[in-house]
Every structure is written in structure tokens, then in C-alpha cells.
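Reviewing the structure listed below.
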Amino acid sequence: MKKCALLVLFLVWCLGGGVYALSVHYYLNGRVNAVSDNSITVDGRVFKIVPRARVAIQTERNGAFFEDPARISNISRGDSVNVRVTGNTVDDIQIERWKR
């Protein structure tokens, strides 16, 4: 009985270890090569934009930084952006207008 319980615990531990890696993401800074309603190309890498992605414009005024809501249509080729990438999708896009 003890061996069976230990075996079950071991299997749960082995199989459950991958559950914690579901939200792995990273941020990528770069220039926009192309953009459409559902995809964006940053420094030659193509990503799918999720339907409810957050888009914001960052500006600098009088030494202070501000962030205002934006739309995908506000993104232009050549813009500097910071995108949050999970797999091959983007769910957060920050247009860095202060870098112009």
C-alpha cells in the first residue's frame, strides 16, 4: 500500500511540474517592419496580435513620461515598440513615441 501511494505521489510530482510554465513571456524592443489588424513584424520577427491586445502610446513631456490608450491603427512602420510576447503571440504593445 505504501509503495502504491509513493508511486502515485511521484507521478503527480512528475506530471504536475509543467503546470507552472504556462505563463512564460518576454518583452521585445524593436522597430516595426509591418503591421496589420492581426499581426505585427518587429525586427524581422512576425507575431500574431491577440484580439484584445492592449495598445498604448508612450510620450515624454517636460521630462515626465505619459502613457495614453491607443489602437493598432496608431502603429506605423518604423515606430519603436516594446511588445509582450508569449509563444508567437503579442498581447501588449507599447508605442514608444518619446524615442523619436
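A few comments on the model shown:
- Given in Å, the Rg to one decimal and the Dmax to the nearest whole number for the Cα atoms of the stretch 24-99 are 11.8, 37.
- Once backbone amide H atoms are built at 1.01 Å from N, ILE49 has SER39, ILE40, VAL90 as its partners under 5 Å, excluding neighbours fewer than 5 places away on the same chain.
- Packing, taken as the mean count of other beta carbons within 10 Å per residue, orders the peptides 25-37, 57-69 from highest to lowest as 25-37, 57-69.
- If R0 is 30 Å, the Cβ-Cβ spacing of ASN62 and TYR27 corresponds to a FRET efficiency of close to 0.65.
Throughout, read-outs are computed from the coordinates displayed, never taken from laboratory work. Just so we're clear, the structure is a prediction, and the values are computed from it rather than from any experiment. Note that each Cβ is placed from the backbone with ideal geometry, even for glycine, and that neighbours are counted across all protein chains shown.
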